[in-house]
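Taken together, the values in this text are just the output of simple stated rules run on the coordinates, not laboratory data. Since this is a predicted model, take the numbers as computed values, not measurements. Using ideal geometry, Cβ is built from the backbone for each residue, glycine included, and neighbour counts are taken over all protein chains shown.
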Amino acid sequence: MSSSTANRNRNGSQQQGAMTRLASSLKSVLATLLTPLLSLFRLLLSGRLSPGDEYDGLSAAVTAKASQQFVSYLRSFQNTIGSSGNNGNSSSISNNNNNTVDQAWLTTGFAAAQEQATQQQSLLLVYLHSPLHRSSETFCKQILCHDSMVAFINQPHITALGVSVHTAQGAYLAQLLQASCYPFLALLQPRASTSGNNGSSSNSSMSLVLRAEGPALTELSVQQVLPHFQTARQRHQATVAEAEARRLQRQEESDLRREQDEEYQQALLADQERERQQREEAEREARRFREEKEEEERQQKEAASKLDNARAQVPTEPPATGATGPVTTIRFVLPSGTKLNRRFYSSENIGGILAYLAIYFHENEIEMSDNIGLSTNFPKKSYNEDRSLTLEEAGLAPQAVLMVQDLDV
């Protein structure tokens, strides 16, 4: 029994060794067969549309390089036609200096293209190129390089970006747009979440407007493809125009509110200035009234003081007979022509006479200034210089006629 067990173990080891040798042989055969295929695949990927660092991520430099290589790829068709002359379908390929692929297609990455489309309010045409697809080259020549397509892309509100799906940028867009077959065309519309007054967006994304791919796209001519994109562009232009109209309306309303606010502020400032002027005028008027009142009170006090002084200077009128001293009779001729007779002691001075006149004018409410002049006509003489002269010294005794003048008139 132990002998049969040993035989089985030996047989199993031999079988295991044979399987190992067989697997090693198959591995060598597969490596020999697949190595040329892998080399061929690498060679294809290293062609026109495949950068050497194709999966280095989605940096700006890498994504821009992918777009630049696609533009170079399209340019090669124009260069070929330009050097070989018109033949076959060459008449459909754009070779117009005003409508070149350099002008039509962007050479930046998708992020920069998205930002540019958002800022310019343009539709973004995205083409995903598969170098291994049998219809890709024909599609690029007959559709993308056609005069009508290049002219369409060069219109306002259109931005175009093309990349190979064998680049990191192309692989990302193929996954983002869920491309299932090629060639692939998509028309994207910027969708901004918030916009400023100048139309720029702070956080934008893209919405899919139109897509075409695979046989459904390759079976169409450029005359059949373009109407769909033209219709989408017209709708987009209408949307942009409506958004611009709303923006202008908001701007108008904002400007109107600002103008109204400015007018209100100006009116408010004018009212405040008017109130300030009125307040200052009222204060000036109150101050003037107060000063006038004070001046009037001062003048009244001064007049009262002068009257008191005048009364102190004027003694009682002496009697016509029996006076205690020589008496002088003075006839005053007032400026109004009124004549006034009054007796004075000859020893009284000119100042006493003037004081008497001041009292008389005050009691009779006759307007006269304090500057009173006295003079005689025959002889012509004035008594305004020395008021200390007595009536006798002035030659007015025993009687005289004095003309009274208001020297301030």
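For the stretch 116-251, the relative contact order is 29 percent, taking Cα pairs closer than 8 Å that sit 6 or more residues apart in sequence and dividing their mean separation by the residue count. Measuring between alpha carbons in the structure, the pairs from K293/K339; K306/K381; K65/K141 lying more than 32 angstrom apart are K293/K339. Scanning residues 5 or more positions from I158 or on other chains, those with amide H under 5 Å from its amide H are L123, with H placed 1.01 Å from N in the peptide plane. Taking other residues whose beta carbon is less than 11 angstrom from the beta carbon of N349, and scoring Lys, Arg as +1 and Asp, Glu as -1, yields -3.
Normalised by 2.2 N^0.38 Å, where N is the number of residues, the alpha-carbon radius of gyration of the stretch 246-321 equals 2.84. All other residues whose Cβ lies under 14 angstrom from that of E252 are scored, Lys and Arg at +1 and Asp and Glu at -1, for a net of +1. For the stretch 245-383, dividing the convex hull volume of the Cα atoms by the residue count gives 171 Å³ per residue. Karplus-derived 3J(HN,Hα) values for the stretch 246-251, using 6.51 cos²θ - 1.76 cosθ + 1.60 with θ = phi - 60°, are 5, 4, 5, 5, 4, 5 Hz; glycine and proline are entered as x. The local environment of L123, defined by Cβ-Cβ distances under 14 Å, has a net charge of +4 under the rule Lys, Arg +1 and Asp, Glu -1. Working from Cα pairs under 8 Å separated by at least six residues, relative contact order for the stretch 283-409 is 29 percent. Does the stretch 301-409 come out rounded, prolate or oblate, given a ≥ b ≥ c as the square roots of the eigenvalues of its C-alpha gyration tensor, rounded meaning a/c under 1.5 and, failing that, prolate meaning a/b above b/c? Oblate, since a/c reaches 1.5 and b/c is not below a/b. The order of the peptides 367-376, 65-74 by mean Cβ neighbours within 10 Å, most packed first, is 65-74, 367-376.
Taking 18 Å as the straight-line reach from the Cα of K380, the aspartates and glutamates in range (excluding those fewer than 8 positions away in the same chain) are E392, E393, D406.
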